[in-house]
Amino acid sequence: MSDRSTDAALAAPPHTVHRALPAATRQRARIATMALFFIAGMMYASWGVHVPTVRDKFHLSAALLSYALFAVAGGSIAAMTTIGGWIARAGTRRACLAGGLTMSVCGALILVVPDYWMLLAVLAVFGVGMATLDVAMNAEASAVEEAIGRPIMSSLHGMFSLGGMAGAAIGGALLARGMAPALHLFLASALAALVLFVSCPAVLPHVPHAPHGEHARTGNRWRTPALWALGGIALVALIAEGAMYDWATVYMRDVVVSTPALASAAYAAFSGGMAAARFAGDAVRARFGAPQLVFASASLACAGMIGALLLPYSFTALTGFTLMGLGLANMMPVLFAAAARVKGIHAAEGLAHVAGIAYFGLLFGPVVIGGITQVTNLTVGLAVVALCAALVAFAGPKVLRRLGI
């Protein structure tokens, strides 16, 4: 191949190259990406159900627990500042493996470290691994979606929710039968590492930037208004979603006064609602459009959270958390799919920018809710979640229509 032909091949859009791959290769890539989303959800859930365990082990107040949750989000934010460019150069295959293994190792250490400050360090690196895997697998999802020629982003995010549901449900069952929490996290981490090693070889081959021309035509993501607008909506939505991951089990334990197993069921109900809605999200978005989907979904989430807070009983709280899952399910898939397609920006860099802004929701959301809880109570703190859902319902459709999405 001549130098000119090589440059042309490198400059070709990734989906053009990927569509030329055999159908079996593209299908294997889709299955591998589904597995990556599943184990990411499983690991986040496995950590989530142990938030009360961490609190009890280290005798943490609501404020100190918020700082521990802050460490996970802070590590993620730190990674987001540079990870997009690195993934664009190194490829999603290497990035998924590196991020996933970092996440797995740190997950196994969370309940093993002897003191609070070491816990904060492990959680921060756990956040770095999660962020790396998050951006890489979403960039891969965008490539697979383009390669097979039809929408699948929501269903892939559904695998994350399914992993969260499975991780929470199985974790709750094992804990109810007396398994040591540290052993549970070790087994979950070992399973995640095994899935990573099996799945990553099937990830689509990397299509790098052209050495010169491609970078010259690539825009500055920090000066792209579309990414900032999408990131702002994602930030508000992720405050609500992150609060459910971090505080749902605590709410069930402290306000509803449920057993540890039933507290884990709250996380499973939320993740189950998200999984169900995400597997239907691609078809709904194709029929009604993204703005209408975001409005209806955010409104449903707001109603579910209000119901859970006004009626703090096991059945009503679980129903409210399920509605929250149904309502928040397609926020990130819609926004990430849009970020991956902003013209002039590499998919990984667009995703890193929007996800980086959104992760500030994980960074500040738990701290805000924890601070409000410290001064008042958790019910008032979680009212922030309902407010966030209402804001997304109001502003989200306007942003998407303005961007022509």
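The numbers here are math on the coordinates, done by the rules we state, and not lab data. Bear in mind the structure is a predicted one, so any value in this text is a computation, not a measurement. All Cβ positions, glycine included, derive from the backbone under ideal geometry; neighbour counts span all protein chains shown.
Taking the highest mean first, how do the peptides 295-307, 264-276 order by number of other beta carbon atoms within 10 angstrom per residue?
The peptides rank, most packed first, as 264-276, 295-307.
Here, the chain has an Rg and a Dmax of 20.3, 70 Å when only alpha carbons are counted. Each of 388, 200 has some number of other Cβ atoms within 10 Å of its Cβ, and from fewest to most they run 200, 388. For region 112-173 versus region 241-274, the spacing of their alpha-carbon centroids is 18 Å. Rounded to the nearest Hz, the phi-derived 3J(HN,Hα) couplings of region 318-325 under the Karplus curve 6.51 cos²θ - 1.76 cosθ + 1.60 (θ = phi - 60°) are 5, 5, x, 5, 5, 5, 4, x, where x marks glycine and proline.
Of the residues 26, 402, 341, 177, the one with the fewest other Cβ atoms within 10 Å heads the list, and the complete ranking is 177, 402, 341, 26. If you take all other residues with their beta carbon under 15 Å from the beta carbon of residue 165, and give Lys and Arg +1 and Asp and Glu -1, the sum is 0. Helical content alone sets the calculated 222 nm signal of the chain at -28500 deg cm²/dmol, taking -39,500 (n - 2.57) per DSSP H segment of four or more residues and averaging over every residue. With only the Cα atoms considered, region 260-405 has a convex hull volume of 118 Å³ per residue.
I want to verify a result. In a Gaussian network model of the chain, Cα cutoff 10 Å, which of these has the top mean-square fluctuation: 107, 85, 158? Looking only at 107, 85, 158, the biggest GNM fluctuation is shown by 85. Applied to region 118-124, the Karplus parametrisation 6.51 cos²θ - 1.76 cosθ + 1.60 on θ = phi - 60° returns per-residue 3J(HN,Hα) values of 5, 4, 4, 5, 5, 5, 5 Hz, with x for Gly and Pro.
Summing charges over all other residues whose Cβ lies under 15 Å from the Cβ of residue 285, with Lys and Arg as +1 and Asp and Glu as -1, gives +3.
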